[in-house]
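Data block below; observations after.
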Amino acid sequence: MSNNGLKILFGIFLISASIAPADERYVLQYDAPAKENPAGKGKKKGLGYIQTALPMGNGRLGAMFSGGIDSEHLMMNDITLWMNSKRGQDEVAQSSARKVDPKDFEMVRQAYRDGKYGTKDGSLESLSTKYVSSSEPLGNYAPFADLFISTGHDPSAVTDYHRSLDSRTGLGHVSYSIGKGTFTREYFCSHPHDVVAVRYTAKGAKLNLTVKATTKHRGAEVKAAGNRIVLTGAAKMVEDDIKFMQAVEVDAKGGTVTAQPDGSVEVSGASDVTIVLAGYCDYLPVYPSFKGRDYKTDCFQALEKANAAGYGVLKKTHVDDVSALMNRCRLELDFEPSGKTTDQLVKQASTELENLYFNYTRYLQLSCSRGAPVPSNLQGLWNDSLKPPWNCDYHTDINVQMNYWMTDPANLSESFRPFVEWMKVIAESGSHTARETFGISKGWSMGLNGNVFGFTAQNVHGRRAQQSGHWLCQNLFDHYTFSQDPAYLEEIYPILKGSAEFFVEFLAPWKDGSLVVYPTWSPENTFLVKEFSKLNKQTYGAAWDQQLVLNLFTDCIEASTVLGRDEAFRKSLQDIIPKLCPQKIGQYGQLQEWPEDWDNPKDKHRHISHLIALHPGRDISPVTTPELYEASLVTMAHRGDESTGWSSGWKTCFWSRLHDGDHAHKIYKFLTSKRAYPNLFDFHPPFQIDGNFGGAAGVCEMLLQSHLRSVNPDAATIEQAAFVAYKKDAGNPKHFVPVVPDEKLAEAPYILHLLPALPSAWPNGKINGLKARGGFEVDIEWANGMLKTASIRATRNSQCRVYSNGKLSETIALKKGEAKAWR
C-alpha cells in the first residue's frame, strides 16, 4: 500500500466520529446532476450551471461542482482575479479620479441650485457627466479555471443517484450505481490548507478517468507531467495583465496515472482516486501596483503541504474548521421533514426551507469572505462568465454593504475582515479622488462602483453621481459595536475620521440654510418622471445621504471619545449636526425620499434608501421616533411587498425593525420560495448573493435586536431610556431635526430586545449563538409564540439592559465569560 493510501485510511479513522448524520436544516440534496450552460452564443435563458451547481469556498479560493455522471465540472474562482481594468499606475491615476477645475464643479452645483433637472444639455445630469464623471475602465471580476473529470459512464444506466452539500461540514457528496458497481465522490474547499480536494471511490467496479484543466482566458498553457497538471494563463487588463496558475495533482490507488500530450491526465483501473487543486494569481492589495504575489511558488507549496498531510488529514482539518464556525449559531425551527430534494423544496414555501436557507446562508458567508484581502462581490465568490452581470463588482449603493449585515449578528465576525482590508485601500485611493475631483484636501471620497484596484471615481454616467463613504463607514463602526475591541477601533478610526472630514467640506448650504449633500441621487430611483423622464435621478439633500451623515458624525464622536483624541474635531461635528437638512413627512404621510415632496405613492422601486435610518441604521424606531415610524409604515405600504431578491432581503429587515414579525416573515417566505434558484442562490434576477445575506440578516432581526442604547439608567420604560436621534422641529411638526449626541453616549449600554418580531408562523423554535452589540452572545428558545428562556453571555466585561414581553430590565453588568439566564 502506498503512503497516500495509508494516509487516506488514517484520515477515515480520524473523522469517523466527527461528522454527524445529515440534517434537513443544513443539507442541500438532489437526485440529479447540475445543469450545464446551453451551448451557443447569445443571452442564456433558463437554469444553467451557476444556478444548479453547488458552491464551496475558503474565502479566497472558490469552487462549484456539478456532480455530472459522464463528466464532472469543477468551476474554480480566485476572488482577487479581475480583468479589463488598470493597475500599476501612479498613485493619483490609479484612483481613476477625474481632475476637475473648481470653477467647473461650482457650475455643476449651480445647475442643481437652479433646478435644471432632466437629461438635456445644461441639465445637472449632463453637466455632471461632462465635468465630474470618470470614463476610466472599472473592469470586472473574472472566472479562473475549470476542471473536467470524465468517467465514461452512461447516464442512462445510472440508478440511485444522490448529490448533496452539507453546510455544517462543507462536504459535497455524489453517489450512484451502475449495475453491480457503486461510485461515490466527495468534495471540499479547505481554508486551513488553501486547496480544493476531490475523492472518487468505486466498489464492485474500477475507475477510468480523464482529468482535464481549461480556462476561458485566451492564450493559456496546459501541461501534464507524471500525476500533475499545471495551467498557466493571464487575465487581460487594459494595463498590466494578471497572471495566474492552477496546479492539479492526481493520486490513484490500485491503478495507474498517465500524463497525456494534450495536458490531461488519464487514470486507469483504480478503486480510489484523490484530486487536489491549488490556484493563485499575482494580485496583492498594495496600492497602486496591486501586484507581487509569488503565485507559482504558492501554488506548488500548497500542493506539497496537502500531499504531505494526506487526504484524511485534509478532510478532518477542513471539517473541524467549518463545523466550529457553523456550530456557533444554529437556527432550529419546528417542522416535520418533507423528504423533498432541495430543487423541489424551493418550489413551495415551508418552514423547512426557511430554516435551511438561513443556515446555508451562513455557510455561503464563511465560504466567500474569510482570509482574503478583498470582500465578497455581487456574486460572492462564484463566477463563470467573462462578462458577468453588472461586472460582478462592488456596488456601494447597498450591495457590498448588505453582504456584511449578517456577519456579526450571525456570529461570523471573521468574515468581516476582508471588508476592512478593502476599505483601507479605498480610503487611500479616495483621498486622491477627494482632492482631484472635489477640491477637498482632507479625507477621502468614494463613488458608486468599486473594484480590487482602488477605483474610487465617480460613475461614468452623471445621473449616478453619489458619495458612499458614509454608508461604507456605517459597516465599519457597526462591527465595532459588537466586539467593543479598542484595537479594532484604533485601526478603523482614520478611515472614519477621513470620511467625516470629507463631508465637513463637501456639505453645502441650500436655499433654506440647511446643509445638504449634492451632487447626489436617491439610489437608483427617479422623481418628476412625467416632467423630466425616467432618467431624472440627480438631486440634492436626499434623505438617505442626510441620515447617513448624521450616522457617520455620531459614530466619529463616539470613536474619538473612546480613543480620547480629536476633541476639537469632535466639537466641530457636534456644531454641524443641527444644521443638517431635517427628515420630513410628506403629503401622503410618507417619509420623504427627497427634500421636496416629490414622492409618488404608486412608486414600487426596489431601493428604499430613505429608510436607511430604520435599517441598517438605528435612528428611526417605533420606540424612539413614533412619528417617523408611522411615516415609514406609509412608505413601506407604497413600495409593496414583491420585489427583487436583494430588495426582499432588505424588506425583511425593515419589517423586523418595524416590529411586524408576520410581515417580515411574509417577505422572507417570498424570498426563499420565489427568489431562490435550485441551489438556493439568490434570484435577483439574475444571481446576486446580497439577497441571501440580506434575508439571513432579517432572520437575526426578527429574533434579536440590539441597536438601541439606554442613556437614562433610571428610566423604567424603553421609550424613556433609549437615545433619540431625531426630534420634532419646533417650527414645523412635519420636520424632524437631528439630535446632537454628547460624549456620554459612548458609555451607554445597549438594549437587547428579545424576540422583537417573532412571526406567528414560527410558534416554537430556538436559536443559539446570536451576537448582540455591546459584546454579548445570546441563546433564545421560545414556545407557543412566547419567550421560554434566554442565555446572555458576555464576551467582554460589559453592561446591557434586556427588553422582553414589554418590560425593560435594570442595567445588567457581566464580566467576560459570565452568563445571565432570562425567562
Practice task
Over all alpha-carbon pairs in the range 525-609, figure out the percentage whose distance exceeds 14 Å.
Solution key: 69
Fill in the blank from the handout: Semi-axes in Å, largest first, for the range 461-578 (Cα gyration tensor, √(5λ)) are 31, 16, 10
Fill in the blank from the handout: A student asked for the Cα radius of gyration and Dmax of the range 197-290 in angstrom ought to give 16.4, 57
Fill in the blank from the handout: Among 604/651; 120/534; 604/669; 666/788, the pairs whose Cα-Cα distance exceeds 22 Å are 666/788
Problem - Base-10 log of normalised Debye intensity for the range 246-339 (one unit scatterer per alpha-carbon) at q = 0.18, 0.21 Å⁻¹ - result: -0.98, -1.10
Practice task
Output the peptides 365-372, 478-485 sorted from most to least packed, where packing is the average of other Cβ atoms within 10 Å over each peptide's residues.
Solution key: 365-372, 478-485
Practice task
Quick one: what are the phi-derived ³J(HN,Hα) couplings along the range 598-604, Karplus 6.51/-1.76/1.60 with θ = phi - 60°, whole Hz, x for glycine and proline?
Solution key: 9, 4, 10, x, 8, 6, 10
Practice task
Give, to the nearest whole percent, the P(r) tail of the range 389-489 beyond 15 angstrom, counting all Cα pairs.
Solution key: 63
Exercise for the section: Using only Cα atoms, tell me the angle between helix 626-639 and the longest principal axis of the chain; keep it within 0 to 90° and round to the nearest 10. Expected result: 50
Exercise for the section: Could you let me know the centre-to-centre spacing of the range 651-693 and the range 491-510, using Cα atoms, in angstrom? Expected result: 33
Practice task
Mind checking which lysines have their Cα closer than 24 Å to the Cα of residue 236? Skip sequence neighbours fewer than 8 apart in that chain.
Solution key: 41, 43, 44, 86, 212, 216, 223, 291, 296, 387
Handout entry: Helix 3-15 axis, angle to the chain major axis (alpha carbon atoms, nearest 10°)
Key = 50
Exercise for the section: Let me have the relative contact order for the chain, percent, based on Cα pairs under 8 Å that are six or more residues apart. Expected result: 12
Completion exercise
In nm², the average projected area of the convex hull spanned by the Cα atoms of the range 284-336 is 7.3
Practice task
Calculate what fraction, in whole %, of the accessible area of the chain sits on carbon and sulfur atoms when a 1.4 Å probe is rolled over the protein chains.
Solution key: 50
Exercise for the section: Kindly express, to the nearest 10 degrees and within the range 0 to 90, the angle between helix 417-438's C-alpha long axis and the longest C-alpha principal axis of the chain. Expected result: 50
Exercise for the section: Return the ratio Rg/(2.2 N^0.38 Å) for the chain, where Rg is computed over Cα atoms only. Expected result: 0.96
Handout entry: Packing rank of 755-768, 310-323, where each peptide gets the mean count of other beta carbons within 10 Å, highest leading
Key = 310-323, 755-768
Handout entry: Binned Cα-Cα distance frequencies in the range 451-529 - 5 Å width, integer %
Key = 3, 12, 17, 19, 20, 14, 9, 5, 1, 0
Exercise for the section: In debye, nearest 20, what is the charge dipole magnitude of the range 664-823 about its Cα centre with +1 on Lys and Arg Cβ and -1 on Asp and Glu Cβ, if you could check? Expected result: 300
Problem - Cα pair distances in the range 694-787, grouped into 10 Å bins until the bin that holds the longest one, percent each - result: 14, 35, 32, 16, 4
Practice task
State the antiparallel share, in %, of DSSP beta bridges confined to the range 731-823, rounding to the nearest 5.
Solution key: 85
Practice task
State the Cα centre-to-centre distance between the range 430-451 and the range 714-747 in whole Å.
Solution key: 33
Exercise for the section: Keeping all protein chains in place, calculate the accessible area per residue for the chain (probe 1.4 angstrom), answer in Å². Expected result: 35
Problem - Top positive-direction residue, dipole computed over the chain with Cβ charges, set 444, 487, 26 - result: 26
Practice task
Measure of size requested: the Rg and Dmax of the range 743-804, with Cα atoms as the atom set and Å as the unit; please supply both.
Solution key: 13.0, 43
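The values are calculated or read from the model by the stated rules, or taken from the named source; none is laboratory data. As the structure is a computational prediction, the values presented were derived from the model and not from experiment. Methodologically, a virtual Cβ is constructed for each residue, glycine included, from the backbone with ideal geometry; neighbour enumeration extends over all protein chains shown. Just the protein is used for accessible areas: all its heavy atoms, side chains included, with ligands, DNA and RNA removed. Shrake-Rupley method; radii C 1.70, N 1.55, O 1.52, S 1.80 Å.
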